[in-house]
Amino acid sequence: MGNRERKRTARRKRKRRSSEHQDPEAGSGAVPADTDGEPTTLSRSELKDKEARDALVPLHEGERPAAVTVGAAVSAVIAAVFWASAVLSLVSDIEVSGSEPATAPLVFFAAVLSLMAYGMWRARYWAVLGFQALLALVMLSAGLGLVQVTTVLQAVGTVLVLAGAATLFYFMVRALARIQMPKRLPRE
């Protein structure tokens with residue numbers, strides 16, 4: 001018997017002994033058997049995760065969680081700002097910090113944000129996940145931006161951006177879980 005097999009066998013014995021000594025009223029229940037057909041027990045955090053997943057209700061056809069709707073609106077507003085900036089950079093001689101802004105990156109970000117807004121409006125998983133990544137970057141930059149604020153107004157604005165992004169991110173997590181559920185319920 002190889003060293004790996006010995007370790008695996010010892011681990012299975014320890015698991016079996018620990019499951020025999022557990023209090024059945026402690027709240028951890030048996031799960032389907034692992035690869036060898038032996039039952040395993042769930043930890044408290046795994047039980048909480050399982051209960052949370054079981055409590056999720058699939059979305060109805062055409063339904064969109066409120067957090068995703070807010071995210072779609074925010075994404076559309078930011079996309080509109082980028083589109084307006086791109087048009088202004090094309091038709092005028094506006095300078096930012098002594099140089100003219102490049103139009104291509106503005107158009108690229110406007111297109112990505114527009115696509116993201118459309119995807120969230122349709123409650124698509126990829127769009128919500130992408131927007132959450134964008135919110136994580138906003139939270140990171142706002143948190144780091146707090147280090148170099150010089151006025152109270154800058155501090156208040158940065159904290160508001162950080163709080164808004166964090167709140168939206170938090171509420172989108174549950175919405176994302178409901179969106180990725182395998183089946184949707186028919187319309188009521």
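The values are calculated or read from the model by the stated rules, or taken from the named source; none is laboratory data. Since we're looking at a predicted model, the values are computed, not measured. FYI the Cβ positions are ideal-geometry reconstructions off the backbone, even for glycines, and counts take in every protein chain you see.
Worth a mention:
- Sub-9 Å Cβ pairs linking a first residue in the stretch 1-14 that is part of a helix (DSSP H, G or I) to a second residue that is surrounded by 10 or more Cβ atoms within 10 Å (Cβ to Cβ), at least 6 apart or interchain, are ARG12/ASP34; ARG12/GLU38, ordered by first then second residue.
- Selection from the stretch 47-56 of residues that are surrounded by 12 or more Cβ atoms within 10 Å (Cβ to Cβ) and among the basic types (Lys, Arg): LYS48, LYS50
- In this entry, PHE131 passes the filter for residues that are aromatic (Phe, Trp, Tyr) and touching a Ser or Thr at 6+ places or on another chain (Cβ under 9 Å).
- The residues of the stretch 47-60 that are over 23 Å from ALA123 (Cα atoms) and over 20 Å from the mean Cα position of the chain (by Cα) amount to a single one, LEU47.
- Residue that is surrounded by the most Cβ atoms within 10 Å (Cβ to Cβ), among those in the stretch 57-80 that are under 14 Å from GLY119 (Cα atoms) and of a type in the set (Val, Ile, Thr): VAL68
- VAL138 vs. criteria assigned to a helix (DSSP H, G or I), β-branched (Val, Ile, Thr), in contact (Cβ under 8 Å) with a residue 24 or more places away in the chain and within 15 Å of VAL74 (Cβ to Cβ): yes
- Qualifying residue in the stretch 150-158 (condition: crowded, with 16+ Cβ neighbours inside 10 Å, at pLDDT 90 or above and either hydroxyl-bearing (Ser, Thr, Tyr) or not in a helix (DSSP H, G or I) (or both)): yes
- The residues listed here are TYR170, TYR118; of these, the one that is at pLDDT 90 or above, under 20 Å from THR69 (Cβ atoms) and out of contact with any helix residue (DSSP H, G or I) (no Cβ under 8 Å at 6 or more places or on another chain) is TYR170.
- Of all residues in the stretch 106-140, those satisfying the criterion of being surrounded by 13 or more Cβ atoms within 10 Å (Cβ to Cβ) and either over 30 Å from GLU63 (Cα atoms) or among the acidic types (Asp, Glu) (or both) are LEU106, VAL107.
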